[in-house]
1. Go through region B:308-328 and report how many residues are within 22 Å of the chain's Cα centre (by Cα) and not in a helix (DSSP H, G or I).
2. Which of the residues belonging to region A:42-75 are buried (at least 19 other Cβ atoms within 10 Å of the Cβ), within 28 Å of the chain's Cα centre (by Cα) and not in a helix (DSSP H, G or I)?
3. If the requirement is being surrounded by fewer than 19 Cβ atoms within 10 Å (Cβ to Cβ) and closer than 24 Å to residue B:47 by Cα, which of these qualifies: A:456, A:386?
4. With respect to residue B:220, is the statement that it is at pLDDT 95 or above, within 21 Å of residue B:317 (Cα to Cα) and within 14 Å of another protein chain (Cβ to nearest Cβ) true?
5. Restrict the check to region B:36-46 and report whether at least one residue is in a helix (DSSP H, G or I) and either out of contact with any helix residue (DSSP H, G or I) (no Cβ under 9 Å at 6 or more places or on another chain) or within 7 Å of chain A (Cβ to nearest Cβ) (or both).
6. Can you pull out the residues in region B:129-179 that are within 16 Å of residue B:209 (Cα to Cα), in contact (Cβ under 8 Å) with a residue 24 or more places away in the chain and within 7 Å of chain A (Cβ to nearest Cβ)?
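The values are calculated or read from the model by the stated rules, or taken from the named source; none is laboratory data. All values derive from a computational prediction rather than experimental measurement. Note that we place each Cβ from the backbone using ideal geometry, even for glycine, and neighbour counts take in every protein chain shown.
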């Protein structure tokens with residue numbers, strides 16, 4: 001072969017900055033789109049992406065990856081894995097696809113923002129490939145669930161979720177729109193790729209892939225681990241941008257963006273991924289607890305990445321570490337209790353064996369969350385189903401758009417963190433959510449949470465029925481108990497046993 | 001309670017289910033994917049008045065180029081991600097096969113040094129121009145009102161990176177064959193200072209700062225790209241063939257295959273735009289505004305191509321033919 005090596009010509013392909021003449025530099029790279037850091041083009045030419053790939057390498061490798069993932073799908077199409085899967089596992093897939101597929105597609109445009117507006121030529125080329133990756137992830141994660149759409153109406157939400165005002169989707173959009181759709185190129189590189197993709201997608205995709213393989217869902221396991229191989233490339237776009245910022249005295253601005261994005265990602269994961277891992281995935285297929293996954297993929301990873309970068313741990317690190325054992329249990333109980341408002345069937349996940357597992361992984365679970373579940377269990381066992389469904393809405397946070405919650409039991413600690421800003425009173429679920437708002441209130445102030453909309457009369461009639469109509473979720477789509485309350489039989493039997501004694 | 005209708009599973013996504021036709025893979029994974037058109041007051045789920053919400057309201061949704069349903073747009077080639085890679089991996093195998101073969105035959109050593117000088121001035125600096133197309137396509141894609149349009153622009157962005165990559169690759173090879181001609185060193189100077197490039201530089205700098213989606217897509221797809229492709233691919237390729245540079249002729253032919261695909265979706269886009277009254281006049285007015293810049297760019301560039309008499313006229317005429325063929 002008489003062809004050049006990649007590095008013979010790679011640098012030329014990223015020597016593409018020029019000094020504009022017919023328009024000003026600030027017109028070609030408007031600060032609000034390119035980043036208001038006051039750094040000139042030359043400063044960004046120092047940007048050096050650690051993961052280098054050329055166009056011909058990209059199309060070749062990606063073609064091969066697609067061939068792999070799509071052939072596994074084709075081979076298993078008639079396998080009835082979906083039909084035979086545990087209902088809890090189906091719920092995992094439904095929640096995942098609905099919250100993720102079109103969000104990934106939207107990320108293509110966040111990558112395109114970096115491509116067009118970054119002053120770093122290396123970033124522009126890497127974001128070109130990143131943009132293509134995100135088209136891939138959007139398209140695959142629509143094509144794969146589409147196979148099941150004729151079997152189960154809730155699968156329609158793999159597409160539909162992003163078009164609705166379903167509460168979890170308001171929260172998902174609020175987060176993704178904040179970190180990736182409405183930021184300048186450099187902030188996107190920090191908030192989306194460094195803060196979100198490095199750790200959190202790793203956890204969602206590799207963690208869930210491990211559970212999927214255990215559950216025998218090889219198509220899904222293959223799909224999401226294939227996606228992660230792309231993420232691990234384009235997630236490295238943000239690191240070198242942080243280096244440039246820090247070298248140019250912008251550490252504080254960089255740190256702020258990391259801290260905002262990390263917190264939002266955590267909150268979203270506490271409602272979507274926590275329940276999936278600790279309650280929906282069948283007990284025998286759980287590789288690790290959500291907290292263990294978080295500690296491995298997020299805590300350890302970030303402590304290392306931030307230190308390597310010369311950044312600090314977020315100021316709220318202690319709060320975050322404490323919440324790892326708590327928040328998602330509340331989110332699970334909330335989404336279970338309000339199950340008609342979600343597009344999947346939550347698995348309660350509280351049989352005696354599962355409770356033992358929860359107690360082992362989260363010492364004290366039975367004395368806290370367990371007490372609340374005892375009430376739900378009693379109502380279901382007694383046939384008091386009216387009491388096992390909600391009538392109103394929970395209060396939600398004006399930042400993460402998720403319920404404001406605390407840990408039940410003796411240490412009951414639920415607390416509102418209010419803030420008055422320009423005559424309006426806002427409510428936050430934590431000190432950190434409030435802090436995020438205070439950093440740039442003009443980004444958030446005019447937004448109405450679903451509860452604000454309810455109180456403003458935008459949701460009619462003002463009851464659960466009106467709320468469901470507003471969320472565009474109807475009978476046939478609304479969630480109910482994944483196992484049709486089969487778990488209650490265990491408790492009925494236990495009661496009968498106790499009576500017999 | 002008896003009249004509550006329970007929603008049943010359908011054969012495809014609910015938004016495609018009303019039609020009787022079985023959707024293609026392309027439609028399943030490409031249509032109606034943007035969610036920023038849910039709420040006219042607030043494209044994104046944040047303060048309606050924040051900067052980026054205002055940006056999309058103004059530049060995407062309030063453009064003068066109107067259509068009742070841009071989401072009805074379909075790429076005539078129905079390109080999806082996986083077919084894009086299948087196609088372009090094949091194309092790259094072909095191009096890198098050419099690079100390999102011509103290198104083995106010591107093609108560059110046989111080139112006339114004067115032609116090598118022309119390549120240094122008229123070919124190698126094109127990487128800046130192709131990169132500008134990459135950036136412009138990325139912008140038009142991110143503000144397009146339909147995902148099917150967005151995708152065409154993103155694939156076009158990737159194709160522009162492809163052209164840029166070929167140029168960088170050849171620049172390095174030429175630097176090895178002609179170490180004293182400034183390959184790999186002088187491109188930026190040519191791009192920023194040589195009069196042959198200033199027309200294109202002005203054209204793309206202005207196109208890159210056109211924020212209104214309607215005007216940006218018209219300027220890029222109907223004026224800028226046709227001018228670049230006819231001058232810097234087709235006429236350069238012809239000039240190359242007259243100067244013993246078979247490789248460059250074959251390379252620009254291969255790149256023009258991408259350009260032809262871009263023109264097919266552009267034709268579908270124009271046909272769709274013309275369904276709405278007023279768009280014809282609007283697009284004609286934009287073109288009238290942009291075409292003189294493109295003509296000057298073609299003039300300056302093609303005038304310098306060796307052994308290419310009439311290149312400027314031919315390129316200019318070709319851009320007219322493209323537009324006329326679309327009713328513009």
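1. 3
2. The one that is buried (at least 19 other Cβ atoms within 10 Å of the Cβ), within 28 Å of the chain's Cα centre (by Cα) and not in a helix (DSSP H, G or I): A:49.
3. So the residue among A:456, A:386 that is surrounded by fewer than 19 Cβ atoms within 10 Å (Cβ to Cβ) and closer than 24 Å to residue B:47 by Cα is A:456.
4. Judged against the criteria, residue B:220 is a match.
5. No - not one qualifying residue is present in region B:36-46.
6. B:131, B:134, B:135, B:139
Yes/no matrix, rows are residues, columns are (1) in contact with a helix residue (DSSP H, G or I) (Cβ under 8 Å, 6 or more places away or on another chain); (2) without any contact (Cβ under 8 Å) to a residue 12 or more places away in the chain; (3) in a helix (DSSP H, G or I); (4) within 14 Å of chain B (Cβ to nearest Cβ):
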residue	(1), (2), (3), (4)
A:408	yes, no, no, no
A:419	yes, no, no, no
A:425	no, yes, no, no
A:432	yes, no, yes, no
A:443	yes, no, yes, yes
A:452	no, no, yes, yes
A:458	yes, no, no, yes
A:468	yes, no, yes, yes
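Yes/no matrix, rows are residues, columns are (1) surrounded by 19 or more Cβ atoms within 10 Å (Cβ to Cβ); (2) in contact (Cβ under 8 Å) with a residue 40 or more places away in the chain; (3) within 7 Å of chain A (Cβ to nearest Cβ); (4) not in a helix (DSSP H, G or I):
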{"position": "B:11", "(1), (2), (3), (4)": "no, no, yes, yes"}
{"position": "B:19", "(1), (2), (3), (4)": "no, no, no, yes"}
{"position": "B:23", "(1), (2), (3), (4)": "no, no, no, yes"}
{"position": "B:56", "(1), (2), (3), (4)": "yes, yes, no, no"}
{"position": "B:64", "(1), (2), (3), (4)": "no, yes, no, yes"}
{"position": "B:77", "(1), (2), (3), (4)": "no, yes, no, yes"}
{"position": "B:90", "(1), (2), (3), (4)": "no, no, no, no"}
{"position": "B:101", "(1), (2), (3), (4)": "no, no, no, no"}
